[in-house]
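Any read-out appearing in this document is the output of simple, stated calculations on the displayed coordinates, not a laboratory observation. Not measured: the values here are computed from a predicted model. Counting neighbours? That spans all protein chains shown, and the Cβs are built from the backbone with ideal geometry, glycine included.
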Amino acid sequence: MLVAAAGPAPGASATAIAPRSSAPVGVTADAAVAALDPASQAVLLAPLRAAAAALDHAGRLLMPDAYAGVALDAAAGRTQLYLTDPALAPGLVAAARRTDPTLVGDRVTVLRAAYPLTRLDAVSRAVMTVSDVKAADAPYAAYPAPDASGVVVEVADPTDPTELAAARRADARAGGVPLEPLAGRPRQPHGWDAVKWHDHAPFIGGDVLTTDGHRYCTAGLPAVRRSDGRAVMVTAAHCFTTGQRVRTGGGATWDYGNGRTGDRVGTVMQRHRGWDAETVVGADVDGDVSDTSGWRALTGVGYSYRGDYVCHAGARSASKGHPTPCGIKVTVDDLWFREAGHTVRGVEGVDVHGWGSVGGDSGGTVFAVEPHGKRQLRGLVSSGGADGTADQRRVDWPEAVDIFRAFDLRLDPQT
């Protein structure tokens, strides 16, 4: 049985009914979930992740004019499904069961959305790509409102009409989807320091990358080309330029900026600014990630949905005593944000423990801890809040599924 929330009129916010769960709901329950260690979180989140992925796949494929997104409500043990017409939910759940036979209908809360995700995403992108606006007045980011009632537009000053001008022009062309101005902060590229300083081939996610011993990033997605099986390491596109030779760190561990380099990783071959990703081809790689207690095999690739939790293997964080920041709760799963003069599509999360990411984490593997010690690849660190501020706990990443599709890659099966 599906549980349908009381549906608002189109354009109004959806209101969820009280979840049918023995767990306490609200702030206390959210805090309890956030306080769990990653392995315990994985057990709680596993069925919700599977349900969200199945519903998302079916919604995008079969009902693009009605599907508006999913979210994980870990505290209640439920998956939220947003549709412009909740009456379509039984059919969508039935289709999703072909992907996830364990999906239980009465653990899905259906909420009415004002607009489908396809339209909200198009407006978000249009807001970020309007060309006739000064860089100083350009929005920081745009993304669908959590209840699919419109598009949130982050700007420096929501009361400044100049800063909202570009968004309004894009909105007019998109048919009048409501815009929700929000005071935001610019995303900061995190390409500065390193993680595993002296690694050697086969390289893995979390290894240090540098071209000159002065600028550092982190290895992120260990992959192979579908065309010929050639090993490829993917890092953030803002780290290096095409044709540069990339190596590991040299000299004493964590001795930043010493001008020394180590083993050769490869050469930057392709870049995709829209996913903030670039390929490094040369030495062998393995489908593993550097974790707090050693390396762990990456056993799959998936999307991140609101309410989920992930970790990252960024470089500079490791040097500062945070080798694997976890507890990063996904807050926006369809984000268009501005970085280094380019518009990037990705996901945003906030570290409930307060650390987040810092300069030098760029390119680092973003992954989810799964039951039985498994790790699922989610993406690579792209940017976040400014270092040393309360905003540092914010982390942004493009998703591995999209990056692999753009470069015609797959996860390296060798571990």
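Each of Thr109, Thr242 was scored by other Cβ atoms within 10 Å of its Cβ. Listed from fewest to most, they are Thr242, Thr109. Each helix, a run of at least 4 DSSP H residues, gives -39500 (n - 2.57); summed and divided by the residues of the chain, these come to -6000 deg cm²/dmol at 222 nm.
Which order do Asp308, Asp73, Asp228 fall in if you start with the one that has the fewest other Cβ atoms within 10 Å? Display every interim value, and only then the final one.
Working: Asp308 24, Asp73 21, Asp228 6.
Fewest to most other Cβ atoms nearby, the residues stand as Asp228, Asp73, Asp308.
Based on the Kirkwood radius over alpha-carbon pairs, what value in µm²/s does the Stokes-Einstein equation return for the translational diffusion coefficient of the chain at 4 °C and 1.567 mPa s?
Values: Rh = 21.6 Å.
Diffusion coefficient, whole number: 60 µm²/s.
Kirkwood hydrodynamic radius, the range 186-415, all distinct C-alpha pairs: what's the number in Å? Don't skip to the answer; put the middle values down first.
Numbers: mean 1/r = 0.0607 Å⁻¹.
One decimal place: 16.5 Å for the Kirkwood radius.
Computed from Cα atoms, the angle from the helix 161-173 axis to the main principal axis of the chain rounds to 70 degrees. Can you tell me the 0 to 90 degree angle between the C-alpha axis of helix 117-129 and the longest principal axis of the chain, rounded to 10? The answer is roughly 50 degrees.
On a full-extension model of 0.36 nm per residue, what is the gain between His57 and Ala340, subtracting their alpha-carbon distance, rounded to one decimal in nm?
Numbers: separation 283, 0.36 × 283 = 101.88 nm, distance 3.17 nm.
Here the segment from His57 to Ala340 would lengthen by 98.7 nm.
Extension gain Asn258-Arg245, at 0.36 nm per residue separation less the Cα-Cα distance, in nm?
Between Asn258 and Arg245, full extension yields 2.9 nm more.
If R0 equals 30 Å, the separation of the Cβ atoms of Arg405 and His198 corresponds to a calculated FRET efficiency of about 0.35.
The packing ranking, built from the mean of other Cβ atoms within 10 Å per residue, places the peptides 367-377, 94-104 in the order 367-377, 94-104, highest first.
The angle separating the long axis of helix 38-62 from the principal Cα axis of greatest extent in the chain is about 60 degrees.
Given Cα pairs under 8 Å that are at least 6 residues apart, what percent is the relative contact order of the chain?
Details: 1179 pairs, mean separation 62.6, N = 415.
For the chain, the relative contact order is 15 percent.
Centroid-to-centroid, using Cα positions, the range 105-130 and the range 204-229 are 33 Å apart.
A convex hull fitted around the alpha carbon atoms of the range 212-315 yields 132 Å³ per residue.
Ordered by the number of other Cβ atoms lying within 10 Å of each residue's own Cβ, fewest first, Met269, Met233, Met128, Met63 fall into the sequence Met269, Met63, Met128, Met233.
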